[in-house]
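Asks: Sharing a structure below in structure tokens format, with a few things to ask.
The values are calculated or read from the model by the stated rules, or taken from the named source; none is laboratory data. On a predicted model such as this, the values are computed, not experimentally measured, just so you know. Note that we place each Cβ from the backbone using ideal geometry, even for glycine, and neighbour counts take in every protein chain shown. To get the accessible areas, we keep the full protein, side chains included, count just its heavy atoms, and leave off ligands, DNA and RNA. Shrake-Rupley method; radii C 1.70, N 1.55, O 1.52, S 1.80 Å.
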Amino acid sequence: MLSIRQLKYFSAVAELGRVSEAAVQLNVSASAVTSAIRELEEMLGQPLFVRQSRGVELTDAGRRFLSHAYNVLAAADDAMRMPREAASVAGLLSIAATYTVLGYFLPHHLQRFTQRYPQIEVKVHELQREMIEEGLITNRYDLGVLLTANVVNSEISTETFFGSPRRLWLPAKHPLLERDQVTLADVAGEPYIMLTVDEAAYSALRYWGKTAHQPRIRLRTSSVEAVRSMVANGLGVAILSDMVYRPWSLEGRRIETVTLKDAVPAMELGLAWKTGATHQPAMQAFRDYFRQSYLEPAPTAPGRAR
């Protein structure tokens with residue numbers, strides 16, 4: 001029987017990339033985590049991780065299963081927290097979000113939040129990061145949901161909740177897939193597809209700038225789907241986060257990912273608000289929702305292993 005324990009152990013390993021680190025975080029033995037993963041793989045009939053010397057990496061089946069695992073854990077979390085949130089919170093909440101966040105991250109959380117707090121009316125605005133910061137300072141919006149690493153205005157406070165690893169995207173059968181390690185120097189020798197939306201190019205050039213190499217840019221585009229198709233058709237490579245990764249292009253061509261040897265920062269998502277602003281109940285509820293989802297351990301039944 002599938003258990004919440006197995007899903008917790010699996011998701012922890014997926015997020016941390018190492019069984020040993022997941023065991024420390026969960027306060028259990030590494031053998032318990034390994035057994036839970038093995039049980040899941042036996043039930044599903046396929047491997048969820050590729051074992052490597054530096055840790056583990058999700059297989060395609062593992063990535064698909066992780067999405068389902070998150071949904072089940074979120075539902076269990078909602079069920080456990082529901083009695084503690086019997087006191088209703090009401091009000092109007094104005095949220096501003098960037099394109100990538102709104103397209104790939106926020107809808108699921110908005111659904112969960114509005115289900116948990118049905119008396120809070122949420123209005124959402126899609127804007128660029130600079131406009132979100134201006135709107136927060138002028139009190140047009142209560143909270144922003146954006147890439148927190150890009151915020152530089154001292155009048156804006158942020159809290160990061162989620163980090164999505166950036167990996168190299170390659171077409172199927174690309175020669176770099178055969179290597180044990182791939183570096184930015186290797187990537188520099190390939191035609192590069194540069195995503196520009198949500199300051200993606202700026203973020204990329206920050207970590208490229210710390211090396212002696214530069215990407216050989218073939219195309220700049222604001223479309224994630226254009227990047228996906230260009231890579232899948234063998235016209236270039238890209239480095240993008242797991243949050244926007246899908247294994248197939250619109251034409252049905254395969255896209256593979258590789259974890260780079262070089263340090264490439266994860267894409268960090270979180271909330272932003274005007275420094276010193278009073279958090280009204282609806283704002284605090286939204287912030288607490290993300291804290292409970294990402295920063296706090298999910299509640300467990302008495303006597304059950306975590």
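Asks: May I ask you to order 194-201, 154-161 by the average number of other C-beta atoms within 10 Å around their residues, highest value first?
Replies: Packing order, densest peptide first, comes out as 194-201, 154-161.
Asks: OK, next. With only alpha-carbon pairs counted, each pair once and no self-pairs, how large is the Kirkwood hydrodynamic radius of region 166-265 in angstroms?
Replies: 13.3
Asks: Turning to a different aspect of this structure: Let me check I've understood the local charge: for residue 229, count other residues with C-beta under 14 angstrom from its C-beta, Lys and Arg +1, Asp and Glu -1. What total comes out?
Replies: The answer is +3.
Asks: Could I ask something else about it? In Å and from the alpha-carbon atoms only, list the Rg and Dmax of region 4-81.
Replies: Computed over the Cα atoms of region 4-81, radius of gyration and Dmax are 12.0, 39 Å.
Asks: Under a crude label model (7 Å from the Cα following the beta-carbon direction), how far is residue 294 from residue 261 in nanometres?
Replies: 3.1
Asks: Next question, about the same structure. Give me the accessible area per residue for the chain, probe 1.4 Å, as a whole number in Å².
Replies: Computed with neighbouring chains in place, this is 50 Å² per residue.
Asks: Then there's this: Quick check: residue separation of residue 223 and residue 210 times 0.36 nm, minus the Cα distance between them. What number comes out in nm?
Replies: 2.1 nm
Asks: Quick one: Karplus J couplings for region 108-124, per residue in order, coefficients 6.51, -1.76, 1.60, θ = phi - 60°, nearest Hz, x for Gly and Pro?
Replies: 4, 6, 4, 5, 5, 5, 5, 5, 6, 10, x, 8, 9, 8, 9, 10, 10
Asks: A follow-up question, please. Please work out whether the chain counts as rounded, prolate or oblate from its C-alpha gyration tensor, where a ≥ b ≥ c are the square roots of the eigenvalues and a/c under 1.5 means rounded, while otherwise a/b larger than b/c means prolate and anything else oblate?
Replies: It is oblate, given that a/c is not under 1.5 and a/b is not larger than b/c.
Asks: Hey, another quick one. Please list 55-62, 203-210 highest first by mean number of surrounding beta-carbon atoms within 10 Å per residue.
Replies: Per-residue mean Cβ counts within 10 Å order the peptides as 55-62, 203-210.
Asks: Starting from the Cα of residue 173, step 7 Å toward the Cβ, then list every residue of region 250-270 with an amide N under 16 Å from that point.
Replies: Those under the cut-off are 252-256.
Asks: Roughly how many percent of the accessible protein surface of the chain is carbon and sulfur, given a 1.4 Å probe and a whole-percent answer?
Replies: So the carbon and sulfur contribution to the accessible surface is 52 percent.
Asks: Compare the peptides 214-226, 96-108 by average per-residue count of other Cβ atoms within 10 angstrom and give them in order, highest first.
Replies: Ranking the peptides 214-226, 96-108 by packing returns 96-108, 214-226.
Asks: Still on this structure, I have one more. Name the residue farthest towards the positive end of the dipole of the chain from the options 201, 120, 177, assuming +1 on Cβ of Lys and Arg, -1 on Cβ of Asp and Glu, about the Cα centre.
Replies: The residue sitting farthest along the positive end of the dipole is 177.
Asks: Using the basic label-point model (7 angstrom from Cα toward the beta carbon), what is the residue 139 to residue 153 distance in nanometres?
Replies: 1.5
Asks: For a quick check, take a GNM of the chain with Cα springs below 10 Å and name the residue from 241, 293, 67 with the largest mean-square fluctuation.
Replies: Looking only at 241, 293, 67, the biggest GNM fluctuation is shown by 67.
Asks: Under the 0.36 nm per residue contour assumption, what length would be gained going from the current alpha-carbon distance of residue 32 and residue 280 to full extension?
Replies: Computed gain between residue 32 and residue 280 is 85.0 nm.
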